[in-house]
Amino acid sequence: MYWRLENLPELQHLSDQQRATLVRNKVGKTFTFRLWLTSFMRGFVIMLLGYAVLSAITGLLSPPSVVSGLAVYVPLLLWPVATILFYQYALIRIRGQLKLYLGELRSLGVDVPVCLGCGYAVDAQMQHCPECGALVGES
């Protein structure tokens, strides 16, 4: 699981300063904040939907004392879980876009020092990625 854009394996061949500059210039702190805020709000919507569904279900099947407990606490537990899942999904999509971009660079003949299969930093002399075994020039 990756928690920050700087930790993506495709960016590990860069120095810390290069990674920070890349993320700051191309992505920016505003994007990272918006990514968390969007994930947070999607998690909130999931919580509200969970509250509505559980209220409807438990209201039909259970006495009122059970309704108040289930309909409040279960959706509150859904909120952070849904927020983290939405955030991780967004990072996976960003990583996929990064792999597509690196693949386009490689098809144009630019030497990309990263395995496109797993993100491992490879040298030009390597024929196979030591991490996943993919061919370096074709992965």
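Brief remarks follow.
- Subset of the range 113-128 (residues that are part of a loop (DSSP other than H, G, I, E, B), within 20 Å of residue 92 (Cβ to Cβ) and among the hydrophobic types (A, V, I, L, M, F, W, C)): 115, 116, 118
- Selection within the range 86-115 - buried (at least 18 other Cβ atoms within 10 Å of the Cβ) and either free of Cβ contacts under 8 Å to residues at least 40 places away in the same chain or in contact with a strand residue (DSSP E or B) (Cβ under 8 Å, 6 or more places away or on another chain) (or both): 102, 112, 114, 115
- Filter result for the condition that a residue is over 20 Å from the mean Cα position of the chain (by Cα), at pLDDT below 75 and on the phi < 0 side of the Ramachandran plot, over 66, 23: 66
- Any chance residue 132 is more than 25 Å from residue 32 (Cα to Cα) and either surrounded by 14 or more Cβ atoms within 10 Å (Cβ to Cβ) or without any contact (Cβ under 8 Å) to a residue 60 or more places away in the chain (or both): yes
- Screening the candidates 108, 54 for the property of being modelled with pLDDT of 80 or more and over 27 Å from residue 31 (Cα atoms) yields one hit, 108.
- Residue that is nearest to residue 14 (Cα to Cα), among those in the range 103-138 that are small (Gly, Ala, Ser) and over 25 Å from the mean Cα position of the chain (by Cα): 124
The values are calculated or read from the model by the stated rules, or taken from the named source; none is laboratory data. This is a predicted model, so every value here is computed, not measured. Using ideal geometry, Cβ is built from the backbone for each residue, glycine included, and neighbour counts are taken over all protein chains shown.
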